1. State the extension gain, in nm to one decimal, for the chain segment bounded by residue 131 and residue 55, taking 0.36 nm per residue of separation less the distance between their alpha-carbons.
2. Given points 7 Å out from each Cα along the Cα-Cβ axis, report the residue 122 to residue 109 separation in nanometres with one decimal.
3. Note the full-extension length gain between residue 73 and residue 34 as 0.36 nm times their separation in residues minus their Cα-Cα distance, in nm to one decimal.
4. On a full-extension model of 0.36 nm per residue, what is the gain between residue 48 and residue 155, subtracting their alpha-carbon distance, rounded to one decimal in nm?
5. Please calculate how many Å² of accessible area the range 43-161 carries per residue, with a 1.4 Å probe and no DNA, RNA or ligand atoms counted.
6. How much of the accessible area of the range 34-161, in percent, comes from carbon and sulfur atoms when a 1.4 Å probe is used?
7. Dividing the alpha-carbon radius of gyration of the range 56-161 by 2.2 N^0.38 Å (N being the number of residues), what value is obtained?
Amino acid sequence: MYVPSTEPSRDSTSYVHDLVQTAMSTGKGKNKVMHGAPQALIICSSALRVVELVKMLRVVTKRPVAKLFSRHIKIDMQKKMLEEGAVDVAVGTPNRVLRLLRDGDLKVNRLKLVAIDCWQDEKMRVVVDMDDTRSDLFAIWRDVLLPASKKPDYNFKLRLM
């Protein structure tokens, strides 16, 4: 049995693993599986970074980790996957996550953790610095997460990693 530490280690692989595992280790009554409603949502700057994190996170959950980005994966396929399959962890780029949230295919009612991946690309930029990701990232916060955080039945943590 995995017992999460109170503070995750700073090694990036174990840090991500600890964050997601801690988010998913709450009481069973609150973890009722709902299609399209992950417990952990990680937002990354690029599709390459999404794929890298998905590989690391496959050991955390028994269910598939949702890859939410637009490169080589059609949105209709992702909508079908969210509709038909149970998802504990979703990792995606801001644009695709925002579109799925606005269309109602990705739901926040089961979220325990929202993590913003602050991985630096070769130009030393992070997801908040990039022109093509910044506006979508802030729209996710402004239009979806902030209103949800004001409801008493929603209780999720926002982390930068």
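1. Result: 24.7 nm gained on full extension.
2. 4.4
3. Extra length available between residue 73 and residue 34 comes to 11.8 nm.
4. 35.5 nm
5. Using a 1.4 Å probe on heavy atoms only, each residue of the range 43-161 averages 55 Å².
6. Carbon with sulfur: 52 percent of the solvent-accessible area.
7. With N residues counted in the range 56-161, Rg over 2.2 N^0.38 Å equals 1.08.
The values are calculated or read from the model by the stated rules, or taken from the named source; none is laboratory data. Quick caveat, the model's predicted, so the values are computed rather than measured. Positions of Cβ are generated from backbone atoms using ideal geometry, with glycine treated the same way; all protein chains shown enter the neighbour counts. Surface areas here come from the heavy atoms of the whole protein model, side chains and all, with no ligands, DNA or RNA. Shrake-Rupley method; radii C 1.70, N 1.55, O 1.52, S 1.80 Å.
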